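**Student:** Below is the structure I would like to discuss, written out as C-alpha cells.
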Amino acid sequence: MTTTAQRGEQVRTRLLQAATELISERGWSAVSTRTLAQRAGVGPGLVHYHFTSLQALLTEAATQTLHTIAEEATAHLAQTTPHEGLALILGDLDRYPGDDPASRLVTETYLAATRDQDLRRAITDVLNLLRRHLTTWLTANGVPSPQATAATLAATLDGVMLHRALDPDLTAPTVEPVLRRLLTPDDHQGAPR
C-alpha cells in the first residue's frame, strides 16, 4: 500500500518533472499553475500545497536539472589529469547539442535569473558547487590559480552550452584545444604572444 507521504512525494515529483518539461517547451514566464497542474495530472491546488509558490516550484525544478548537469560533468574527474578531465567534461557536455530540452531549460533559466533574485541565488549555489569540484580537481593537479581557473572554466562551459543553441558546431573537438591552453602552465612567461 502507498502511504500518504509516498503519494505526496509522487505528486511532488510529477510537479517537478512537469515544470522541467514546460520551462523547456514554453519558456519560464509561460508556465502557469493551471498548465503545470494539467501536465502533472493533479489539481491546481496541489501546486501550492507542495510548494510555497509557482516560482519556488520552477526554481527547484530548474536548479535540480542544473545540479544534475554539473554533477554528471564532474563525476569522473578524480584521478584524471587536467587534459583527461577536460576531455571528459566536454564529452559529457556534447550530450547537449543546444536544441534539446535540457539546453533550452538552461537558457530559459539563466534568462529568468536576470529578473529573479531568488532564482539567481539558487543558480549561484549550483555554480559554486561546480566551482568547488573543479577547484579540488585543479588543485590536486597543481594547476596555477585553481580557484580563478575553476571560475573561468565554469563560465566558459556555461557559455559553450548557451552558444550551442546558435552554433551547434561548438563541440568538444572545436573547444577542447583552446581550453587545454587554460589548463596548461605557461612555461614561457614573459615571451611575446
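**Student:** Please work out if Ala112 is under 13 Å from the mean Cα position of the chain (by Cα) and either touching a residue at least 40 places away in the same chain (Cβ under 8 Å) or within 28 Å of Leu170 (Cβ to Cβ) (or both).
**Tutor:** Working: under 13 Å from the mean Cα position of the chain (by Cα): no; either touching a residue at least 40 places away in the same chain (Cβ under 8 Å) or within 28 Å of Leu170 (Cβ to Cβ) (or both): yes.
Spelling it out, it is not the case that Ala112 is under 13 Å from the mean Cα position of the chain (by Cα) and either touching a residue at least 40 places away in the same chain (Cβ under 8 Å) or within 28 Å of Leu170 (Cβ to Cβ) (or both).
**Student:** Between Thr156, Thr139, Thr109, Thr135, which is part of a helix (DSSP H, G or I), out of contact with any Leu (no Cβ under 9 Å at 6 or more places or on another chain) and within 21 Å of Leu93 (Cβ to Cβ)? Give the steps one after another, and end with the answer.
**Tutor:** Values: Thr156 fails: out of contact with any Leu (no Cβ under 9 Å at 6 or more places or on another chain); Thr139 fails: within 21 Å of Leu93 (Cβ to Cβ); Thr109 fails: out of contact with any Leu (no Cβ under 9 Å at 6 or more places or on another chain).
None of the other options fit; the residue is Thr135.
**Student:** Tally up the residues in segment 170-193 that are part of a loop (DSSP other than H, G, I, E, B) and at pLDDT 90 or above, please. Spell out the reasoning first.
**Tutor:** We begin by selecting, within segment 170-193, every residue part of a loop (DSSP other than H, G, I, E, B); these are 170-171, 183-193.
Now narrow it down to the ones that are at pLDDT 90 or above: 170-171.
Total meeting the criteria: 2.
**Student:** Which residues, taken from segment 19-74, are aromatic (Phe, Trp, Tyr) and touching a residue at least 12 places away in the same chain (Cβ under 8 Å)?
**Tutor:** Pass one, segment 19-74, residues aromatic (Phe, Trp, Tyr): 28, 49, 51.
Residues satisfying the conditions are Trp28, Phe51.
**Student:** Are any residues in segment 1-40 part of a loop (DSSP other than H, G, I, E, B) and over 27 Å from the mean Cα position of the chain (by Cα), and if so, which ones?
**Tutor:** Filtering segment 1-40 for residues part of a loop (DSSP other than H, G, I, E, B) gives 1-3, 27, 31-32.
The answer is Met1, Thr2, Thr3.
**Student:** Moving on. Can you confirm whether Ala56 is surrounded by 15 or more Cβ atoms within 10 Å (Cβ to Cβ), part of a helix (DSSP H, G or I) and in contact with a helix residue (DSSP H, G or I) (Cβ under 7 Å, 6 or more places away or on another chain)? Quick ask: steps written out before the conclusion?
**Tutor:** Working: surrounded by 15 or more Cβ atoms within 10 Å (Cβ to Cβ): yes; part of a helix (DSSP H, G or I): yes; in contact with a helix residue (DSSP H, G or I) (Cβ under 7 Å, 6 or more places away or on another chain): no.
Considered against the rule, which asks whether it is surrounded by 15 or more Cβ atoms within 10 Å (Cβ to Cβ), part of a helix (DSSP H, G or I) and in contact with a helix residue (DSSP H, G or I) (Cβ under 7 Å, 6 or more places away or on another chain), Ala56 comes out as no.
**Student:** What are the pairs, 6+ residues apart or on separate chains, where a residue within segment 83-94 that is at negative phi has its Cβ under 7 Å from a residue that is acidic (Asp, Glu) and part of a helix (DSSP H, G or I)?
**Tutor:** As it stands, the answer is Leu86/Glu176; Ala87/Glu176; Leu90/Glu176; Asp92/Glu72, since those pairs meet every condition given.
**Student:** If you go through segment 59-76 one residue at a time, how many are part of a loop (DSSP other than H, G, I, E, B) and buried (at least 21 other Cβ atoms within 10 Å of the Cβ)? First the steps, then the outcome.
**Tutor:** Initial filter on segment 59-76 (part of a loop (DSSP other than H, G, I, E, B)): 75-76.
If we keep only those that are buried (at least 21 other Cβ atoms within 10 Å of the Cβ) as well, we get none.
Total satisfying the criteria: 0.
The values are calculated or read from the model by the stated rules, or taken from the named source; none is laboratory data. Predicted model, so just to flag it, every value in this text is computed and none were measured. No Cβ is skipped: glycine too gets one built from the backbone with ideal geometry, and neighbour counts run over all protein chains shown.
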